[in-house]
Each structure stands twice: as structure tokens, then as C-alpha cells.
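Step one of this worksheet: look at the structure below.
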Amino acid sequence: MDLTRHLYGIGLPGPRLEGPVETMGFKAFNLARMAAIGLPVPQAFVLGTPFCQAFGDDPAAFRPALRKLLESQIERLEAACGLEFGSGRKPLLVSVRSGAPVSMPGMMDTILDVGLTDATLRGLLRMTGNPRLVWDSYRRLIQQYAEVVHHSPPAHFREALNLAMEQAGAQRPQELDFRALTRLARRYLEIFEALNGCPFPQDPLTQLQRATEAVFDSWMSPRAIEYRRMRRIDAKMGTAVTVQRMVFGNAGGTSGAGVGFSRDPASGENRLYLDFRFNSQGEDVVSGQHSAPDTARLAASLPHVLSRLGSMAEILEREFGDVQEFEFTVQDGVLYLLQTRSAKRTPWAALRIAVEQVNAGIWSPARALDMLGDVDLRHMEHARIGDTRGHTLLGSAIPAGIGVAVGTIALDPADACAQAEAGQDCILVRDDTSTADLRGIAAARGILTARGGRTAHAAVVARQLGKACLVGCTALRIDLARRCVTIGEHCLHEGDTLTLDCASGHIYAGAVPVITERPDAWLSQVATWFSHATTAS
């Protein structure tokens, strides 16, 4: 079978090659649409979903052809960028990203900074004059490559990072200077070899090939399989792979990475909803392992970027005909879009958005009913907190959903599933949100985390499932050995009851009364759509 017809380019020289979403993948298909309307999208090439199927059928037989294919496509990308993959002078670095024909946020793998080696980092330093960027990117690649390609546990890398921050007196990795990052990257190289029995690969093309294979393999990862089961997604479709020129959110004080929604995905309110983290790469925001505390500072430091984001959000809604979730990077004050997709939203937000879009004349009632197809309108209600007197306020966190959740503490996904199977409402309490916790998120009534932001992939999934979710509770400490948690000065054990209030971000001990209300006005309007549709038929 000739697979070359399933190769696609975004911003590359020669004829514009685009394909259907079924083979190009949702992510790349939308990137091509954004590029076509003039939005700032870094150049890329795409291996369509048939490559994933061919690799899965016989990996060993497919590898030689895959290497030759990647080599030829990298040459096209080099011509578009004016950079050279593996060069010691002006090196091209790339990201390797998954992209199924349907949106599966965070369920497959991504590797950034591919192509960085001991030799090319010198070229990147000459090109950028930014040693901190160079060594920060290198240590990120080493760890991500180890975790994704070799399935190495992250604990040893985290321990080395924590030690480096402790020695430097730093609170966040962004505070490490280039000397500390140089030492850290070299320590990561030692950890990589100790964990995997081989040195970190210094051939850029080998890095690219192994990264591509790992992304194909992630289609069959446990979390991807579980998500497909929950969402009734066909396992045969496979994932595309997008290889894209890197842009660097970790380039300094006028750089960063973020995720935005054109409307509030929790409430449905028509306002820009952003998480942003200065001097960071996108995985810092979407992984759930870090907070994204810099959204307010973005307005003060880079007002032109915030203004541009607002106008782009409106453009994206018009182009795609729905509320959008988009990922972006800012490098040295210049904005780039890396992804857009229809926003995952709470059922409440879905109803509000549908009604407002029909009232504005943007959607027809028929389109709105189609968009509400997965929403259980019969049981649509919103929970709010009742009388809190007699209940201890334990602390607060950042709301990443709406409503209220009451349940007993579960400290891992397996326990959350066990409690749910026993008929017990529970709150999944974790250090950070991860899509690996998908089964536990689905089983729990609510989620509470010590770290992470509102737009992390797992928080996005929790919202879509209608879960109350609070993230970034800095006072939360979890002791898995003793199966207990502390929030500030208060100690609670697994099985104790918590109440999460997403309106205020407050966390209460015990079961606070909950008041439910139905959006009767919105539901009445939807009922008229059903009536008109029935009459018309």
C-alpha cells in the first residue's frame, strides 16, 4: 500500500497538501485550517493515521521505511524554516505530537525539543544567545524521552530537580539559572543511562524516529484505551503524528505557554478563559503537575498578546462554528497557536452556550439540539452550597468546574473505583491531575489536587464528565503511607468526608447541605426546539 498520499504539510513549500480529518487527524486538520486563514502556526508535516496502522501491524518491518520517510520530510521542513535538523550552527528542533481523528485530550503522548544533542545545543546557543533556554530545553527532552520512549519512571528526575531547586534556593524551576540547569541536564544524562542501560541518543534522526514510534504506540496506552471505551471511539482509526517546528515558551521573561477557551467551559459564560505560565513550555500547563499562576500578570507584562488572544478566540469561534479550546506559546513576545479544538465543557455550560448561540442567531435550533445530543437534559441541575455553619473551612483552591461535591476521601483511582462500586460517593484527592487517573476521575463525585491548573488535560476531562474539581490547593499535603491528608493544620484520613464548593473554591470538613436548582428558562427554550422539530417532521 502506498502511504505517501497520507503525508501532509502545513506551511511547507510546494503544493498545499491537506487531507480529510479521518487520516490527517483532528489536531493537524485544525492546524491546517488555522494556517489557511492566516493565523500564526509553526510549520509542520504530518504522518496520517494509516502510518499508525501500518506500524502497529508489523513494527520491525516498517521501521526502515519510516526512517527514510522522516528523513525526506525533515528536508521539506528545513526548507520552510531556514534551519537544519542536526546542525551545529542553526539547528531545527521539533515537537512530535499525536492527533487522532477525534479529540482525546491528554490520552496520548507528546515529545518536545527533539533534535537537541550535545552537538546541536552549541548551535542553539549560538543562534539564540540564551544559555538558560538551551539547557532547560535539553533537560526537558532527556526526561520526556525517557518517560515516553523508554517508559522510565519520573521519580528519579523529579528528585534531581527538587535537589537542584533546594541547592539554588528556588521555589520553581523557572528560577534556576543556566549554571544550575547545565548541572541538572548532565545529571539527567546520568539518570537516563542508569535507568535504561544505554546513553541518551546523540543522533537527531534516531530521536525523531523513536519519538514517532512512541507516539504511535501511545494509541494503545491504558489511558487511551479507557478513554475510547468511555467515549465509544473506534480503536481501529489510529493516530496521526504531527512533527512541528519548535517555538520556545521557555525563552525568558517575555515568553510562556498557555491554554485558552473562547468561553468559560465550566459556566458557559461568554468570556475569555485562560491559564498561562511565563518562561514555560506547553507540557507544564497541560500535564497537571504545575500551577499556571501568571494569567493576571500576562495582562500587565504583555498586553498586546492578551489583546491578540481575545481577537483570535473570536476568529476561531467563527471559523470552527463552536466554542474553542486552544493551546498557544509566546516566544519573545510573539504569539503562536499550536492547537484548537471544540471545547470540552460541563453539561451546564453546554446548555447555556446552546441557548445563547441560538438567541444570537449563530446556531439554528437543529444545530443546538445536535450539540446537546450527549447531555442528559432530564437530570440537568446545578448544585450550590447550603448552610456551612458547624462545618470547618479547611482551605481553598482554584475552581476548575462548577457545582458542589460531597464524598469520602479516596487517595488513588483504585480506591475511588472501589468506593463507587460500593455505592459510596467519594472525592479523589491527588497531588496533581493526570489522565492516567481517568478511571478514578470518572468514578469520583469530585476531584481535589495540590498542584495543577484549570486547563490541565485531566481537569478538562473532569469538566466534560460534569465533576466538581478544585486544583492547586497549596495547603494540601498527602501522606500515602499513612493514608491521610493535611490541609493547613487539619488532618483527615481516607474515608473522612469532604465538601468541595466550586463557586468559592472552598473545602469544608464533613457533608455540607447542598441546594440544587434547575435551569428552567433554558430548558423551556430547548423544549420549544424539540416541539418545532417534531412538527416539522
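The values are calculated or read from the model by the stated rules, or taken from the named source; none is laboratory data. Computed from a predicted model, the values in this text were never measured in an experiment. All Cβ positions, glycine included, derive from the backbone under ideal geometry; neighbour counts span all protein chains shown. Side chains are part of the model used for accessible areas, which takes the heavy atoms of the whole protein and leaves out ligands, DNA and RNA. Shrake-Rupley method; radii C 1.70, N 1.55, O 1.52, S 1.80 Å.
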Margin query: Give me the residue from region 154-202 that is in a loop (DSSP other than H, G, I, E, B), open to solvent by 70 Å² or more (accessible area, probe 1.4 Å) and touching a residue at least 40 places away in the same chain (Cβ under 8 Å) and, out of that set, farthest from Leu121 (Cα to Cα).
Written below: Asp177
Next item on the list: Identify all residues within region 113-143 that are touching a residue at least 60 places away in the same chain (Cβ under 8 Å) and open to solvent by 10 Å² or more (accessible area, probe 1.4 Å); write none if there are none.
Entry: Asp118, Ala119, Thr128, Asn130, Arg132, Arg140
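In region 1-23, what residues are part of a loop (DSSP other than H, G, I, E, B) and modelled with pLDDT of 75 or more?
Keep residues of region 1-23 that are part of a loop (DSSP other than H, G, I, E, B), which gives 1-3, 11-20.
Of everything in region 1-23, those that are part of a loop (DSSP other than H, G, I, E, B) and modelled with pLDDT of 75 or more turn out to be Asp2, Leu3, Gly11, Leu12, Pro13, Gly19, Pro20.
For every residue, the table says whether it meets (1) within 25 Å of Pro347 (Cβ to Cβ); (2) in a loop (DSSP other than H, G, I, E, B); (3) touching a strand residue (DSSP E or B) at 6+ places or on another chain (Cβ under 9 Å).
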position	(1), (2), (3)
Thr433	yes, yes, yes
Thr455	yes, yes, yes
Ala462	yes, no, yes
Gly466	yes, yes, no
Item checked: Positions within region 17-58 being more than 19 Å from Phe320 (Cβ to Cβ) and either open to solvent by 40 Å² or more (accessible area, probe 1.4 Å) or in contact with an Asp or Glu (Cβ under 8 Å, 6 or more places away or on another chain) (or both), in sequence order -> Leu17, Thr49, Gln53, Phe55, Gly56, Asp57, Asp58
Note to self: Quick check on my filter: what residues within region 59-100 are touching a residue at least 60 places away in the same chain (Cβ under 8 Å), assigned to a loop (DSSP other than H, G, I, E, B) and open to solvent by 20 Å² or more (accessible area, probe 1.4 Å)?
What the structure shows: Leu83, Phe85, Gly86
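Does Arg439 count as under 30 Å from Ala475 (Cβ atoms), part of a helix (DSSP H, G or I), open to solvent by 40 Å² or more (accessible area, probe 1.4 Å) and not β-branched (Val, Ile, Thr)? Write out each step before concluding.
Working: under 30 Å from Ala475 (Cβ atoms): yes; part of a helix (DSSP H, G or I): yes; open to solvent by 40 Å² or more (accessible area, probe 1.4 Å): yes; not β-branched (Val, Ile, Thr): yes.
Answer is yes for this residue.
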Check: So which strands (runs of 3 or more DSSP E) are wholly in region 248-342 and hold at least 3 residues that are over 19 Å from Ala459 (Cβ atoms)?
Finding: 324-331, 334-342
Check: Any idea how many residues of region 203-228 are farther than 19 Å from Gln53 by Cα and either free of Cβ contacts under 8 Å to residues at least 12 places away in the same chain or open to solvent by 80 Å² or more (accessible area, probe 1.4 Å) (or both)?
Finding: 1
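Considering each of Leu272, Leu302, Leu306 in turn, give the residue that is open to solvent by less than 40 Å² (accessible area, probe 1.4 Å) and of a type outside the set (D, E, K, R). Walk me through how you get there before you give the answer.
Details: Leu272 fails: open to solvent by less than 40 Å² (accessible area, probe 1.4 Å); Leu306 fails: open to solvent by less than 40 Å² (accessible area, probe 1.4 Å).
Exactly one residue qualifies, and that residue is Leu302.
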Item checked: The lone exception for Met371 - which of (1) open to solvent by less than 40 Å² (accessible area, probe 1.4 Å); (2) more than 30 Å from Ser301 (Cα to Cα) it fails -> (1)
Note to self: As an exercise: evaluate Leu470 against (1) open to solvent by 10 Å² or more (accessible area, probe 1.4 Å); (2) in contact with a Leu (Cβ under 8 Å, 6 or more places away or on another chain) and give the number of the one condition it does not meet.
What the structure shows: (1)
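Taking the criterion of being in a helix (DSSP H, G or I) and in contact with a Lys or Arg (Cβ under 6 Å, 6 or more places away or on another chain), would at least one residue in region 128-148 satisfy it?
Taking region 128-148 first, the residues in a helix (DSSP H, G or I) are 128, 131-148.
Cutting the leftovers down to in contact with a Lys or Arg (Cβ under 6 Å, 6 or more places away or on another chain) gives us none.
Looking through region 128-148, none of the residues is in a helix (DSSP H, G or I) and in contact with a Lys or Arg (Cβ under 6 Å, 6 or more places away or on another chain).
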Next item on the list: Could you please tell me which pairs satisfy a Cβ distance under 6 Å, a separation of 6+ or placement on different chains, a first residue in region 320-332 that is open to solvent by 10 Å² or more (accessible area, probe 1.4 Å), and a second residue that is modelled with pLDDT under 95 and of a type in the set (A, V, I, L, M)?
Entry: Glu327/Val259; Gln331/Ala251; Asp332/Ala251
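Residues are listed down the side, and each one gets a yes or a no for (1) β-branched (Val, Ile, Thr); (2) in contact (Cβ under 8 Å) with a residue 60 or more places away in the chain; (3) closer than 28 Å to Asp501 by Cα; (4) open to solvent by less than 20 Å² (accessible area, probe 1.4 Å):
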position	(1), (2), (3), (4)
Met237	no, yes, no, no
Gly253	no, no, no, no
Ala257	no, yes, no, yes
Pro265	no, yes, yes, yes
Gly282	no, yes, no, no
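Tell me the residue from Thr340, Thr346 that is modelled with pLDDT of 95 or more, polar (S, T, N, Q) and surrounded by 19 or more Cβ atoms within 10 Å (Cβ to Cβ), please. Even if it seems obvious, please write down each step before you answer.
Numbers: Thr346 fails: modelled with pLDDT of 95 or more.
So the residue among Thr340, Thr346 that is modelled with pLDDT of 95 or more, polar (S, T, N, Q) and surrounded by 19 or more Cβ atoms within 10 Å (Cβ to Cβ) is Thr340.
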Notebook entry, point to check: Do we have any residue at all in region 403-420 that's open to solvent by 10 Å² or more (accessible area, probe 1.4 Å) and without any contact (Cβ under 8 Å) to a residue 12 or more places away in the chain?
Noted result: yes
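Among the residues of region 475-502, how many are touching a residue at least 60 places away in the same chain (Cβ under 8 Å), among the hydroxyl-bearing types (Ser, Thr, Tyr) and surrounded by fewer than 19 Cβ atoms within 10 Å (Cβ to Cβ)?
Of the residues in region 475-502, the ones touching a residue at least 60 places away in the same chain (Cβ under 8 Å) are 475-476, 478, 480, 483, 485, 487-488, 490, 492-502.
Filter again for among the hydroxyl-bearing types (Ser, Thr, Tyr), leaving 497, 499.
From the residues that got through so far, the ones that are surrounded by fewer than 19 Cβ atoms within 10 Å (Cβ to Cβ) too are 497.
Of the residues in that region, 1 qualify.
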